[in-house]
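To start, the structure under review is shown below, and the notes come after it.
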Amino acid sequence: MAPPPPLRHVAMFPFMAKGHAMPLIHLARLLLDRGLASSITFFTTPRNAPFLRASLAGTPAAFVELPFPSEDAPQSMDELPSASSCFGDFIYAVADALGPAFADALARIEPRPDVLVHDGFLFWAKQAADELAVPRLVTCGFSAFASYVAHAVMAHRPLSQVASPSEPFPLHGVSGGDLRLTQSDLHPPFDDPAPSGPLWDFVCQSSTCMHTSAGIIANTFDALESCYVDLWNRSVPQAKMWPVGPLCLASSAEQPVQATTTDIDREILDWLDSRLAMDRPVLYVAFGSQAELSRAQLEEVAVGLELSGLDFIWVVRPKWFDHPEDELIIKDRFGDRGKVVQGFINQLQVLSHGATKGFFTHCGWNSVLESIATGVPMLAFPMAAEQKLNAKFVVDVVHAGLRVWHKEGGLVVSGDVQASARELVLGEGGRRAAAGAAELSMASRKAMDVGGSSFENLARMVQEVSEIGGAPAESEVE
């Protein structure tokens, strides 16, 4: 008879955004498939629950829906009119709305979880878990590189040592010749030499939550970021970082996490098959579910793609089109070369297709990892949060992509989109980036295979947290 799993019951609490939920969905499948956990329960909200249920169909995962006091209030980042301007208010509104209900639900759930895996944005989950003596593992959705840079900037305040925003600053633990970072590579509030205000308060609360946890689950792998994982673990030894990814490889493109393949996914695959048959390389264009593009920026991207002469798939968001005339920017513009789709699609399936030769991306970490896992080079167009650091990492550290830059007016202009897209897919710079991405893709799959670094790290992490929690044997739970 096989021994019981190290963890009898795992509770998971993702932040209310698909990009934050997907890694936990992948992780849940891994824990169950590998026999590392007997059962998993997700805490969620009524309007986020359908996505989680569909993504985990066929597994024994259970779901606890935490009621929002108001049905009219936004329950996810996807429902906000502006992710950047509404983020802070949403974070604290969620804490007020769900904090008491979560604490009550966690206390009532049976059997008592051996560990709570929760998003670092939900910093207030710490109190409920601590009161019940439930160990916590925290996910943050960032790379080890971005996580360590943010930590080092908070701890050592290097911006106080430079004379101008363009002067490279020293990063604690990294020799100056290995990495050149400037203030412009950072995002608020880390780009402020003396940060303060609500966003800084949130960062401090989230950091405290992470640093007092039993460990950090990092969606990365040793061959990609071991240097920055090691720097984090030397700097924050009480909250060890565990590289257990790329978690997207927990499900193959042929067996995607989504319970069903949608009509639009099938339509996209047919279109990609036709391009492959004609030997026409495809650029995949997607800027994430939270990206905000002005009408002027939409126009620049559209013109650049049109003039590039490349075949492309462009995933757009309904909120980019505030007025009916905005859709004229893309409507019937590209003929058979450009396929424009709306909604949430199976991105990993697109990147895994043989016709896809480049990814024009906002450099959210999930997108970066999926591109690396599939060996697709990137054209980096960072827009918010830590995406500038991710772009820096992709282009300057691992050499798996190229970069477009904003001009003085704040726009990435059409001529740069045209030239950079062609260089990525057809040029020598793109070939070098593709070679780097292909090498990392092979390393990522080795990491997730049996005996690989991420495979072993996940088992060790589970074992360590089970010993902290003192997970009882099956005979003790009756």
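The values are calculated or read from the model by the stated rules, or taken from the named source; none is laboratory data. Remember, predicted model here, so these are calculated numbers, not experimental data. We place every Cβ from the backbone using ideal geometry, glycine too, and count neighbours over all the protein chains shown.
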Any chance segment 196-203 includes a residue that's within 22 Å of the chain's Cα centre (by Cα), polar (S, T, N, Q) and in the same structural domain as residue 56 (by TED's automatic domain parsing)? no
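So which residues in segment 26-40 are touching a strand residue (DSSP E or B) at 6+ places or on another chain (Cβ under 8 Å) and surrounded by fewer than 22 Cβ atoms within 10 Å (Cβ to Cβ), if there are any at all?
Looking only at segment 26-40, we keep the residues that are touching a strand residue (DSSP E or B) at 6+ places or on another chain (Cβ under 8 Å), and these are 27-28, 31-32, 36-40.
Passing the criteria: 32, 36, 38, 39.
Among 179, 199, 122, 132, which is in contact with a Pro (Cβ under 8 Å, 6 or more places away or on another chain) and not charged (D, E, K, R)? Walk me through it before giving the result.
Values: 179 fails: in contact with a Pro (Cβ under 8 Å, 6 or more places away or on another chain); 122 fails: in contact with a Pro (Cβ under 8 Å, 6 or more places away or on another chain); 132 fails: in contact with a Pro (Cβ under 8 Å, 6 or more places away or on another chain).
Exactly one of 179, 199, 122, 132 is in contact with a Pro (Cβ under 8 Å, 6 or more places away or on another chain) and not charged (D, E, K, R), namely 199.
Has segment 77-86 got at least one residue that is more than 30 Å from residue 292 (Cβ to Cβ) and hydroxyl-bearing (Ser, Thr, Tyr)? Can you show your working first?
Within segment 77-86, the subset more than 30 Å from residue 292 (Cβ to Cβ) is none.
No, every residue in segment 77-86 fails to be more than 30 Å from residue 292 (Cβ to Cβ) and hydroxyl-bearing (Ser, Thr, Tyr).
Residue 254 - would you say it is over 29 Å from residue 320 (Cα atoms), of a type in the set (Asp, Glu) and modelled with pLDDT under 95?
On the way: over 29 Å from residue 320 (Cα atoms): yes; of a type in the set (Asp, Glu): yes; modelled with pLDDT under 95: yes.
In short, yes.
Out of all the residues in segment 461-478, which are in a helix (DSSP H, G or I) and either more than 14 Å from residue 218 (Cβ to Cβ) or at pLDDT below 95 (or both)? Step through it out loud before you land on a result.
Quick first cut of segment 461-478, residues in a helix (DSSP H, G or I) only: 461-469, 474-476.
Hits for segment 461-478 are 462, 463, 464, 465, 466, 467, 468, 469, 474, 475, 476.
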Among (1) free of Cβ contacts under 8 Å to residues at least 24 places away in the same chain; (2) assigned to a loop (DSSP other than H, G, I, E, B); (3) closer than 25 Å to residue 95 by Cβ, residue 129 falls short only on (2)
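Scan segment 46-62 and give yes if some residue there is out of contact with any His (no Cβ under 8 Å at 6 or more places or on another chain), β-branched (Val, Ile, Thr) and over 26 Å from residue 459 (Cβ atoms), otherwise no.
The first filter runs over segment 46-62 and keeps only residues out of contact with any His (no Cβ under 8 Å at 6 or more places or on another chain), leaving 46-62.
Narrowing the set further to residues that are β-branched (Val, Ile, Thr) leaves 59.
Filter once more, keeping what is over 26 Å from residue 459 (Cβ atoms): none.
Looking through segment 46-62, none of the residues is out of contact with any His (no Cβ under 8 Å at 6 or more places or on another chain), β-branched (Val, Ile, Thr) and over 26 Å from residue 459 (Cβ atoms).
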So, first residue closer than 17 Å to residue 46 by Cβ and of a type in the set (Val, Ile, Thr) in segment 92-107, second residue at pLDDT below 90 and not in a helix (DSSP H, G or I), Cβ within less than 8 Å, six or more apart or across chains; the pairs are 94/16
